[in-house]
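K.L.:
Can you keep this structure in mind? I'll have questions shortly.
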Amino acid sequence: MSQPASTVSSDLQQLASEVLSKALKAGATDAEAVVYEGDEFSTLVRLGQVETLKESGSRAVGLRVFLNSGKAQRTASTSSSDFSNESIARLVEGAITLAKITSEDPFAGLPEAHEFGKIEEDQHLYFDDVNAMPPAERIEIARRAEAAAMAYDTRIQNSGGGDFDTSTSHKILMNSRGFTGEYRRSYCGFSAAPIAHDEKGNMQRNYWFSNSRTVTKLENPEEIGHEAARRTLKRLGARQVKTQKVPVVFSPEIARGIIGNIFDAANGDAIYRNASFFSGMLGEQVAGENITVIDDGTLVHDGIGGFGTRPFDGEGLPTRRTVLVERGILKNYVSNTYTARKLNMKSTGNASRGLAGNPGIGAGNFFLEAGTLTPDQIIGDVKSGLYVTETMGFGVNLVTGDYSQGASGLWIENGELAYPVEEITIAGNLKDMYKNIVAIGNDLIFRGASAAPTMRIEGMTIAGA
Amino acid sequence: MTIPAPDHKRYFIEKLGLSERLMERCLGEALSAGGDYADLYFESVTSTSLGIDESLVKSASQGISVGCGIRVVSGERTGYAYTDDLSSDRLLRAARTAALIASGPAKELMSGFRHTETPSLYPVAGATSDAEIAAKLALIQRADKAARAYDSRITQVRAGFNDELRRILVAASDGTFASDTQPLARLNVFVIAQDGSANGGSGGTARGTSGGGGRVTMDFFEGDKSPEHYAREAARTAILQLGAIEAPAGEMPVVLGPGWPGVLLHEAVGHGLEADFNRKKTSAFAGLIGQQVASPKVTVVDNGLMPGRRGSINMDDEGNATQETVLIENGVLKGFLSDKLNSRLMGMPNTGSGRRESYHHIPMPRMTNTYMLNGEDMPEDIIKSVKRGLYAVNFGGGQVDITNGKFVFSASEAYLIEDGKVTRPVKGATLIGNGPEALKYVSMVGNDLALDEGIGTCGKAGQSVPVGVGMPTVKLDRMTVGGTGQ
């Protein structure tokens with residue numbers, strides 16, 4: 001069952017409104033307050049025993065103020081976890097004092113009043129079964145997932161454990177131009193992380209997980225444990241391969257990272273600075289004609305809100321669906337109010353707001369549209385190549401598109417997964433990689449806010465022995 | 001002149017109204033269902049962040065976070081709860097929540113706290129958090145100016161100054177009562193260089209970053225660690241990258257320059273030697289104590305006692321004294337980094353390595369400043385010894401899979417070595433290796449040990465803590481370089 005997001009917590013709303021009126025009284029020409037309240041629970045069960053149990057709640061308030069001189073504005077922000085009157089007074093005074101030392105910027109400022117809004121339909125973001133679930137049941141799911149992984153094969157004798165996490169949050173955003181919005185979100189998830197060893201004593205670890213906004217949609221703990229075991233066993237006996245250029249098939253978990261770089265490259269903040277390889281490319285062919293990439297902050301899957309779904313963005317604009325790349329053509333940059341003004345565009349409702357600092361730009365549910373091939377077909381077309389199941393490192397340069405990451409996975413021989421490989425790197429340039437995605441799978445599944453199906457990229461360089 | 005040691009606990013007693021009596025009551029409540037040990041971790045952090053962008057001061061923010069984390073340990077089990085409300089009601093409630101981990105008769109509490117003195121590795125009075133905002137602003141304005149003045153091809157400059165003052169107090173059922181005040185500052189510069197005539201006329205864009213700091217006063221940023229220094233470094237690397245060729249691909253000799261390339265040690269061995277992974281036997285280094293895991297030329301230490309360093313701490317987040325710990329001596333694995341829980345369960349010494357991101361988090365073994373000691377080789381001889389290889393002097397981040405030992409770190413400034421000479425700059429590339437094996441290929445160690453500039457942040461199990469790394473110039477006979485070129 002889903003709770004409407006309109007359950008009002010009048011205390012928090014009142015706090016936000018108090019902070020705003022104090023800021024205006026102190027000289028702010030505009031102000032925006034955010035109040036956050038959340039609960040978290042986590043447990044780790046290892047080798048059948050509860051190893052950690054953590055349970056707590058926290059809250060915080062953030063304030064952003066503006067000082068308008070007519071043509072331009074100064075801005076600063078403050079945050080506090082202390083809601084006492086004395087602390088709120090300091091929050092307000094601190095923000096005004098800080099704002100006075102910042103520069104006047106004609107692009108700064110809250111959105112225009114007519115831009116505000118929120119998705120009014122229930123987005124199914126909060127389910128009270130998450131908080132209602134007794135701790136003993138949560139621990140039991142973590143225990144079952146780990147136990148299933150450990151029972152799967154005799155080569156699994158150790159474990160990083162099974163865990164179960166929940167969190168619920170309540171966020172209120174209010175500003176001096178009349179916007180008030182709030183939403184609650186719930187999350188629950190569990191995983192198993194078994195460790196397998198081969199006859200030489202070499203160890204490998206992997207994991208698998210299930211998550212949702214409601215307990216009722218969590219998968220079976222035994223199935224998750226078994227999948228974690230299979231994924232771990234697959235890595236045993238991995239070896240290096242020689243340096244060579246081959247087709248690379250990316251599993252959905254890794255494909256989503258490479259597709260995620262499209263969002264980062266289309267980030268308006270990087271665009272106006274010329275700090276992205278997508279700068280100046282609007283309307284140009286940046287990927288193959290088979291590529292359509294979408295950001296949608298409104299997705300609801302089978303009655304459950306997506307992990308990237310929310311009714312309004314970090315500045316109070318309604319979330320929406322934005323096509324970034326349509327059949328290979330770069331259609332839109334993603335922006336918040338500030339970067340949209342810099343680019344002389346409209347905000348795409350992608351403002352992300354932390355407690356302090358200027359709003360950033362964040363994705364909603366971000367994905368590559370599915371193709372028609374099965375993952376087996378995508379692998380089956382490869383005579384000799386790599387199937388990547390894990391990447392490591394920070395070797396992605398969004399200014400140039402240069403891409404170089406550590407990798408492990410399985411070697412493909414004559415269309416079949418032959419043996420595990422590790423201690424290799426894969427390298428290329430994202431500009432070329434997006435044009436060389438020659439096969440896209442039909443296996444688009446959202447296990448997080450972003451998702452991509454299996455895909456194959458031709459002509460990447462593998463460095464190994 | 002002797003400066004009296006600052007009384008770190010005063011803030012908690014006088015400003016936050018906490019008393020030793022209340023702490024004893026909370027510990028009593030925490031052990032009301034049994035358990036071997038309980039501790040309270042009080043923390044108050046104030047942070048400031050300033051940013052200049054397009055020569056405008058576009059961002060300024062301040063944050064205050066105050067709270068307490070309460071932990072109960074029972075055998076291998078840990079219960080944890082925290083509160084951002086320090087009233088006695090909320091503290092006692094958090095203690096009862098943490099106590100749920102244990103199930104037995106109440107434990108008798110020790111009688112009285114043992115107040116411990118901490119060293120003074122960094123300034124408290126005069127830390128950057130006390131400085132005028134205008135003085136901090138001047139730093140980033142100078143950085144902006146210097147980067148733009150470096151070369152007309154520098155088209156975008158962003159600079160930021162972030163600092164915080166973190167006050168902590170630990171009171172534990174084993175009598176520990178210790179407190180510290182930890183300042184931390186960091187100046188960052190990020191630039192974009194553009195050149196329409198680069199790459200044979202097709203044009204090019206490149207980025208450059210630099211930064212540094214530590215647990216320091218504002219004076220640190222005068223002298224040789226000035227904003228101009230960081231600005232020129234960022235600008236220099238961006239301009240250099242405009243002319244970089246493809247990095248090579250494959251196995252080859254690699255020479256790492258002094259300082260930040262020490263991130264190799266952090267990833268290749270440091271994490272694998274944290275006691276929690278070894279107690280659980282999930283580390284590739286488990287069971288290797290006393291064995292040769294590196295060339296005899298390699299000695300690696302973790303040292304939390306270096307004055308003013310970003311990774312240094314007067315005490316860890318469990319109230320233990322910080323120390324210098326030898327991890328690898330002449331290639332032989334000597335020890336692990338441990339905290340209270342793991343040292344007790346493993347019957348090993350506590351190295352004072354229990355750290356945490358904030359009161360929201362359970363402490364665990366972490367590094368401080370991790371570096372390789374000097375060898376005897378001259379850096380120029382090391383370069384000369386390589387016929388064809390890679391010379392990498394600066395890196396972005398790194399990552400390790402503790403269980404299979406595979407680690408990566410990504411070069412941001414590197415050159416080809418051809419016939420014993422450093423020649424052309426190459427594009428960024430990720431280097432990959434196997435922790436317990438990689439350092440066996442160290443064949444030369446320079447005499448030019450340097451620590452990094454003070455920018456490192458280490459992530460483990462979702463918790464970030466400031467750390468330092470360092471090493472002298474080092475040659476590894478073979479390592480896999482992940483470029484796309486020949």
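Values in this text are rule-based calculations from the coordinates and carry no lab data. None of the values given here were measured: they were computed from a predicted structure. Glycine also receives a Cβ, built like all others from the backbone with ideal geometry; neighbour counts cover every protein chain displayed.
K.L.:
Could you give me the ³J(HN,Hα) list for the stretch A:20-36, computed from phi with Karplus coefficients 6.51, -1.76, 1.60 and θ = phi - 60°, whole Hz, x at Gly and Pro?
P.N.:
Each residue's phi maps through the Karplus curve to give 4, 5, 5, 5, 5, 5, 7, x, 5, 8, 8, 8, 9, 10, 10, 10, 10 Hz.
K.L.:
Below 8 Å, C-alpha to C-alpha, sequence gap of six or more: please give me the relative contact order for chain A in percent.
P.N.:
So the answer I get is 15 percent.
K.L.:
Could you list A:T322, B:T155 so that the one with the fewest beta carbons within 10 Å of its beta carbon is first and the one with the most is last?
P.N.:
Ranked by crowding around the Cβ, least crowded first: B:T155, A:T322.
K.L.:
Amide H neighbours of A:Y419 under 5 Å, at least 5 residues apart or on other chains, H built in the peptide plane: list them.
P.N.:
The list, which skips near neighbours in sequence, is A:W411.
K.L.:
So how do A:K171, B:K406, A:K242 line up by other beta-carbon neighbours within 10 Å, fewest first?
P.N.:
Least crowded to most crowded, the residues run A:K242, A:K171, B:K406.
K.L.:
Let me know the charge dipole size of the stretch A:238-465 about its Cα centre in debye, to the nearest 20, where only the beta-carbon of Lys, Arg (+1) and Asp, Glu (-1) is charged.
P.N.:
680
K.L.:
Calculate one ³J(HN,Hα) per residue across the stretch B:136-150 by plugging θ = phi - 60° into the Karplus curve 6.51 cos²θ - 1.76 cosθ + 1.60, and present them in order as whole Hz with x for glycine and proline.
P.N.:
Per-residue couplings from phi come out as 5, 4, 4, 4, 6, 5, 5, 4, 4, 5, 5, 5, 5, 6, 5 Hz.
K.L.:
Using amide H atoms built 1.01 Å from N in the peptide plane, name the residues 5+ places from B:N394, or on other chains, whose amide H lies under 5 Å from its own.
P.N.:
B:S412, B:E413
K.L.:
Sorted by packing (mean other beta-carbon atoms within 10 Å per residue), highest first, where do A:274-284, A:229-239, A:159-169, B:90-100 land?
P.N.:
A:159-169, B:90-100, A:229-239, A:274-284
K.L.:
Does the stretch A:214-287 classify as rounded, prolate or oblate by the C-alpha gyration tensor (a ≥ b ≥ c root eigenvalues; a/c under 1.5 gives rounded; else a/b over b/c gives prolate, otherwise oblate)?
P.N.:
oblate
K.L.:
Related question: Kindly put B:T480, B:T430, B:T118 in sequence by how many other C-beta atoms sit within 10 Å of each C-beta, fewest to most.
P.N.:
B:T118, B:T480, B:T430
K.L.:
If you place +1 on the Cβ of every Lys and Arg, -1 on the Cβ of every Asp and Glu, and leave all else neutral, what size is the dipole of the stretch A:10-232 about its Cα centre, to the nearest 20 Debye?
P.N.:
580
K.L.:
For A:Q240, enumerate residues with amide H under 5 Å from its amide H, sequence gap 5+ or separate chain, H modeled in the peptide plane.
P.N.:
Correct list: A:E422.
K.L.:
What stretch of chain B, leaving out the sites themselves, is the longest with no GluC sites (Glu not before Pro) in a DSSP loop having at most 11 other Cβ atoms within 10 Å?
P.N.:
For GluC sites (Glu not before Pro) (loop position, at most 11 other Cβ atoms within 10 Å), the longest site-free span of chain B is B:223-375.
K.L.:
Among B:P227, B:T205, B:S65, which residue has its Cα furthest toward the positive end of the charge dipole of the stretch B:10-242, with +1 on Lys/Arg Cβ and -1 on Asp/Glu Cβ?
P.N.:
Ranked along the dipole, the leading option is B:T205.
K.L.:
Towards the positive end of the charge dipole of the protein assembly as shown, with charges on Cβ (+1 Lys, Arg; -1 Asp, Glu), say which of A:I96, A:G283, A:F394 has the farthest Cα.
P.N.:
Result: A:G283, furthest along the dipole toward the positive end.
K.L.:
Along the positive direction of the dipole of the stretch A:10-232 (beta-carbon charges: Lys, Arg +1; Asp, Glu -1; about the Cα centre), which of A:S186, A:F66, A:G201 reaches farthest?
P.N.:
Value computed over the given set: A:F66.
K.L.:
Using Cα-Cα distances under 8 Å and only pairs 6 or more residues apart, what relative contact order does chain B have, in percent?
P.N.:
Here the relative contact order equals 15 percent.
K.L.:
Quick one: Karplus J couplings for the stretch B:306-316, per residue in order, coefficients 6.51, -1.76, 1.60, θ = phi - 60°, nearest Hz, x for Gly and Pro?
P.N.:
So the Karplus estimates, Gly and Pro as x, are 7, x, x, 6, 4, x, 7, 8, 5, 8, 8 Hz.
K.L.:
Need the C-alpha centroid separation for the stretch A:258-287 versus the stretch B:171-205, integer Å.
P.N.:
24
K.L.:
Per-residue Cβ counts within 10 Å, from other chains only, averaged over B:246-258: what number is that?
P.N.:
Taking all residues of B:246-258 together, the mean is 3.
K.L.:
Report the percentage of all Cα-Cα pairs in the stretch B:249-482 whose separation exceeds 26 Å, rounded to a whole percent.
P.N.:
Value for the stretch B:249-482: 32 percent of Cα pairs lie more than 26 Å apart.
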